[in-house]
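As C-alpha cells, the structure follows; a few thoughts come after it.
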Amino acid sequence: MGVDLVPFKTCSYDCVYCQLGRTTCKTVERRQRAPLDDLLEELERRLDSQPDYITLSGSGEPTLHAPLDELLGRIKAITDIPVAVLTNGSLLWREDVRRELMCADLVIPSLDAGSEVTFRAVNRPHERLSFETMLGGLIEFRRRFQGQYWLEVFLLAGHNATEAQVAELAGAVDWIEPDRVHLNTVARPPAEDAAAAVPARRLAELAAKFRPAGEVIADFQAVHRQSEFVPAREQILGLLRRRSCSVEDIAGGLGTHPNEVVKHLEQLTAEGLVESSQAAGVRFYRAAR
C-alpha cells in the first residue's frame, strides 16, 4: 500500500528515466507536506486489505516530508504491518533524515551512478547535492540502520551501463553493503526519450558483478513497451466526458499503469480541462464543464 507524502513531481532529482515525467518542483527543502491526521484517517480505513507493507513513496521524494518519525510512530500505533520507505537516498547525508527513518522496517534507496559525471547526467540533482555527499549518506545510514536495507540500481543503455560504469557502481555498492541489490531499467515511457532500457539478458549478466548478487526486478512485459497501450490525452478526456472515473478506473479501462494516468491527469488538471472531487475516500476525475 503506497502512501504519497509530497505533491506530484516534488523531488530533489529530475531523473532522465522517471516514468512520471520531468520534475516540476526540484527542491531540498524539508517540511510537512501532507496533513497527518487526514492521511492517517484514510490509511486506517484501508488497512482491511492487509498489505504486505505500508510504503512511503509516491510521485515525489518522501524524505522531503518532515517529520517522518512522527508519521512512522503514528502508523505503528495503529497497525503492526511493516513500513517501508522507497527513497532516492539524496537526503540521507542529513542527520535528521537518518534519525527519523530509524524506526522504519525496510528502507530502499536508489543508486544510479558511480561518479559525479554520471550522477549529474542521469539523476540531474538539485544544485546543492553532490555525488560524494549522496554516497556518504547511503553509507552512513547503512552503518546505523538496524532494519532491512535494500538498494535499487537503475541501469540505462548509453548512460550508466558500460563495463566501466557498472564497475564504478559495483564499487560504490561494496562500500554501502546493502542486504539486497535490485536491478531495474526502463519499462514505461521515461521523462527523456534518450533513456533507453538495458535488455533482460544483459541485466542478468550484470547482476553477477554486484555483491550481493543483483536481483533483476525490471518489468519486461510487452504491454508496458508498446506505445498503443499508453493513453493519450484525448483518450482520457474522452473517457471523462462520459463519466467520472478514479485513477484505477482509467488505468483499467485504457490498459495502462496508474502512474501513466496520474501524469496525464496532473497536466490536464493544470490546464483546467479536468476537475476532481472526492467521495467515500476516493478521488474522482471528470472533464471540466
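Take each peptide in 89-97, 34-42, count the other Cβ atoms within 10 Å of every residue, and average; sorted highest first, the result is 89-97, 34-42. Shape summary of region 165-289, radius of gyration then Dmax from alpha carbon positions: 19.3, 56 Å. Restricting the calculation to Cα atoms, region 33-98 yields a radius of gyration followed by a Dmax of 12.1, 36 Å.
Dipole check for region 228-287: with +1 at the C-beta of Lys and Arg, -1 at the C-beta of Asp and Glu, and the Cα centre as origin, the magnitude is about 220 Debye. The modelled label-to-label distance between GLU192 and ASP105, using points 7 Å beyond Cα along the C-beta direction, is 3.8 nm.
Using only side-chain charges placed at the Cβ, +1 for Lys and Arg and -1 for Asp and Glu, the dipole size of the chain relative to its Cα centre rounds to 520 debye. Over the residues of the chain, the helix contribution to mean residue ellipticity at 222 nm works out to -10500 deg cm²/dmol, using -39500 (n - 2.57) for each DSSP H run of at least 4. When the Cα atoms of region 1-132 are aligned to their principal axes, the ranges along those axes come out at 45, 29, 25 Å in descending order. Taking θ as phi - 60° and the Karplus parameters 6.51, -1.76 and 1.60, the scalar couplings of region 262-274 work out to 4, 4, 5, 5, 4, 5, 5, 5, 4, 8, x, 8, 10 Hz in sequence order, x denoting glycine and proline. Only Cα sites of region 228-287 enter the Debye sum here, all with the same form factor; the resulting log10 I(q)/I(0) across q = 0.18, 0.23, 0.26 1/Å is -0.52, -0.87, -1.13, listed in q order. Comparing TYR53, PRO35, THR10 along the charge dipole axis of region 2-225, the residue lying farthest to the positive side is THR10, per the Cβ-charge model. In this structure the amide hydrogen of LEU183, modeled in the peptide plane, comes within under 5 Å of the amide hydrogens of VAL153, GLU215, VAL216, ILE217, none closer than 5 places in sequence on its chain.
Since every read-out is calculated from the coordinates, none of them should be taken as a lab result. What you see is a predicted model; the values in this text were computed from it and never measured. Cβ sites come from the backbone with ideal geometry, for glycine too, and all protein chains shown count toward neighbours.
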